[in-house]
Structures are given as structure tokens and as C-alpha cells.
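Trainee: Would you mind keeping the following structure in view while I ask a few things?
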Amino acid sequence: MRKILAIGLLAGAAGLISGVAEARVDVGIGIGLPWPAVVAPPPPVYYEPAPVYVAPQPVVVAPGYYDDWQARAWREQQWRERRWREREWRERHRDWHRWHDDDD
């Protein structure tokens with residue numbers, strides 16, 4: 001019986017070893033079909049910014065007269081026109097005297 005058991009074990013071992021040592025070439029053809037995959041995106045991460053504390057600027061109220069540039073430009077234009085009129089009047093007045101003072 002030992003002989004039969006030894007032959008059986010030897011045949012079984014030879015069967016297993018022959019399957020591992022067998023060299024063959026496999027050819028496979030695969031057709032890939034995409035399956036709909038549902039992937040949940042990770043939830044967004046929100047970080048609350050750190051609070052920023054800024055000291056307010058001091059308010060300075062000084063007495064005085066503050067005007068805007070338009071009023072200043074208008075006053076300057078009026079001054080220039082007044083100066084021009086005075087100059088024109090003097091020149092014409094001189095001319096008038098030059099012509100009319102000889103009549104006396």
C-alpha cells in the first residue's frame with residue numbers, strides 16, 4: 001500500500017509541477033466599454049480669514065476757508081479780465097487825451 005500511496009503522491013506532484021513549467025502563448029482580445037462611474041468630488045474647504053483690526057484715522061477739523069479748484073480758477077479768470085480791462089482803458093484814455101488835449 002505504501003507503493004501505491006508513494007506513486008499517487010508522485011503523480012500528483014508531477015501533475016502540479018508540469019502545469020507550472022508549461023510554456024504557452026495566450027492571445028486575448030478585449031473590448032473596453034466605459035461604465036458610468038459616479039465619483040463624488042470632495043467637499044470644498046472654506047477657511048474664514050483672520051479678522052483685521054485697523055485703527056481709524058484721526059479727524060482733524062481746522063478753522064479756515066477751503067475752496068475748490070473751480071472757484072479758484074474762476075476767480076483767477078475774473079482777475080485777469082479785470083486787469084485787461086484796466087490796461088485797455090488806460091491805453092484808450094491816453095490816446096483820447098493825446099488827441100483831445102490839443103483842442104484847448
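The values are calculated or read from the model by the stated rules, or taken from the named source; none is laboratory data. In this text the structure is predicted, and so the values were computed from the model without any measurement.
Trainee: Would you confirm whether any residue within the range 43-61 is among the aromatic types (Phe, Trp, Tyr), at pLDDT 85 or above and part of a helix (DSSP H, G or I)?
Mentor: no
Trainee: Another question, then. Could you go through the range 84-92 and let me know if any residue there is modelled with pLDDT of 75 or more and outside any helix (DSSP H, G or I).
Mentor: The answer is no; no qualifying residue exists.
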